[in-house]
């Protein structure tokens, strides 16, 4: 079952409605208080991601349920071009995008258009082409597997593993996927229930 689609923006529009939608969906699914809290936390993390995007971002949020599982969706068109992004990053004292720390920070990178050669290594190594047209996808499962294989051999991988372990989303969600089709970006958080 698909919920109502709510327009959310980086200016805060629709955020309360998205949280209310999560509460209604949890009630309709008959979730336990703990499961309902987990759904709400995942939606809060998703809305925090929207709020953290620099520039004006507007997207569509909805929830789909099927049996004992649900998916949270956020679909948007990125509005910041590569030149704007480069100007913002160059203004930081390190010349790097410091916002890409933690799992949701790394996911945020997908909402910021960048030339393929500028794709951070932690993303490039786990991005999979999904068609000949240049569409790509990323999943938390693939990212976790890559880090698990490398965490003992690389201090960078160990640091990324530690960030992943601290993430609320990685502990609650079963998977997180990001799909990119041109400037269209879709974030999906999957949760399967007992």
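Would you mind finding the one in 21, 56 that is under 20 Å from residue 184 (Cβ atoms) and not assigned by TED's automatic domain parsing to the domain that holds residue 111?
56
Name the single residue, out of those in the range 39-65 being modelled with pLDDT of 95 or more and surrounded by 20 or more Cβ atoms within 10 Å (Cβ to Cβ), that is farthest from residue 192 (Cα to Cα).
So the residue we want is 61.
Tally time: how many residues in the range 173-193 are part of a loop (DSSP other than H, G, I, E, B), at negative phi and modelled with pLDDT under 80? Reasoning before the result, please.
Keep residues of the range 173-193 that are part of a loop (DSSP other than H, G, I, E, B), which gives 173-174, 182-183, 193.
Imposing the further condition that a residue be at negative phi reduces the set to 173-174, 183, 193.
Going one step further and asking which of them are modelled with pLDDT under 80, we end up with 183.
Number of matching residues: 1.
For the range 160-172, does any single residue satisfy the condition of being within 28 Å of residue 59 (Cβ to Cβ), at pLDDT below 85 and outside any helix (DSSP H, G or I)?
There is at least one residue in the range 160-172 that is within 28 Å of residue 59 (Cβ to Cβ), at pLDDT below 85 and outside any helix (DSSP H, G or I).
The values are calculated or read from the model by the stated rules, or taken from the named source; none is laboratory data. Everything numeric in this text was worked out from a predicted model, so none of it was measured. Neighbour counts are summed over all protein chains in view; Cβ atoms, including those assigned to glycine, are modelled from backbone coordinates with ideal geometry.
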